[in-house]
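Have a look at the structure below before the remarks.
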Amino acid sequence: MSIAAASHGFLSPTGVEIAFLLVGLLTFGAALVTVTTRQLVHAALWLVVTLGGLAVEYLLLTAEFIAWVQVLIYVGSVVVLLLFGLMLTKAPIGRSPDADSGNRWAALTVAVAAAAALVWVVVDAFRTTWIDLDGAASGSTKVTGESLFQNWVLPFEALSVLLLAALVGAIVLSRKAKAADAAADRAAGASAPGTDGDPGAKEGVS
């Protein structure tokens, strides 16, 4: 072990570690805005920033394959699916107070508990594992791809079915909303004064 490696510690971070910390703070801030904003479209756009920040973190960890998968699948597919769902369900562009369920404290408690459990699991699993950022890449595209499509193929396909179900659900909800609006318009036209089943009255014929 060289003298430089021996003297390296938390009080003497490298440029990569500083960039990792800054990008992490930016990603964390974007995630907070995503879950606290009351504008659905803004939440989807901030989600793009959050997922993009995670892709940059993977690049800084020399995991190029995972970074590109993050961009292609999550940023390029999941967010586009969310935006299509917002458009198909005619979600309001501006502020949406109705989207707030009022269970902020319960949601915050669950989020903090889930984050604490996730951090504990990761720290416990990788307590003695260190990544040499200056050395060769620890993984390759071939190894990562084989692990993904052999050991994790079922969750991968389940996620695909889930995204398809979400898109179909958005289409169904939009069609129901259109049918309800059409029925309401017909009811309003039938109950309007001077238009009681008289086609001439609707056309302005006396």
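The values are calculated or read from the model by the stated rules, or taken from the named source; none is laboratory data. Bear in mind the structure is a predicted one, so any value in this text is a computation, not a measurement. Backbone-built Cβ (ideal geometry, glycine too); neighbour counts: all protein chains shown. Please note that ligands, DNA and RNA were not included when accessible areas were found on the heavy atoms of the full protein model with its side chains. Shrake-Rupley method; radii C 1.70, N 1.55, O 1.52, S 1.80 Å.
So, of the residues in the range 115-138 that are modelled with pLDDT under 75 and among the hydroxyl-bearing types (S, T, Y), which turns out to be least open to solvent (accessible area, probe 1.4 Å)? Within the range 115-138, the match that is least open to solvent (accessible area, probe 1.4 Å) is T129. Listed by first and then second residue, the pairs with beta-carbon distance under 6 Å, at least 6 apart or on different chains, first residue in the range 139-161 and exposed (fewer than 11 other Cβ atoms within 10 Å of the Cβ), second of a type in the set (A, V, I, L, M, F, W, C), form an empty list.
Scanning the range 21-45 for residues that are open to solvent by 60 Å² or more (accessible area, probe 1.4 Å), at pLDDT 90 or above and closer than 18 Å to Q70 by Cβ yields L26, F28.
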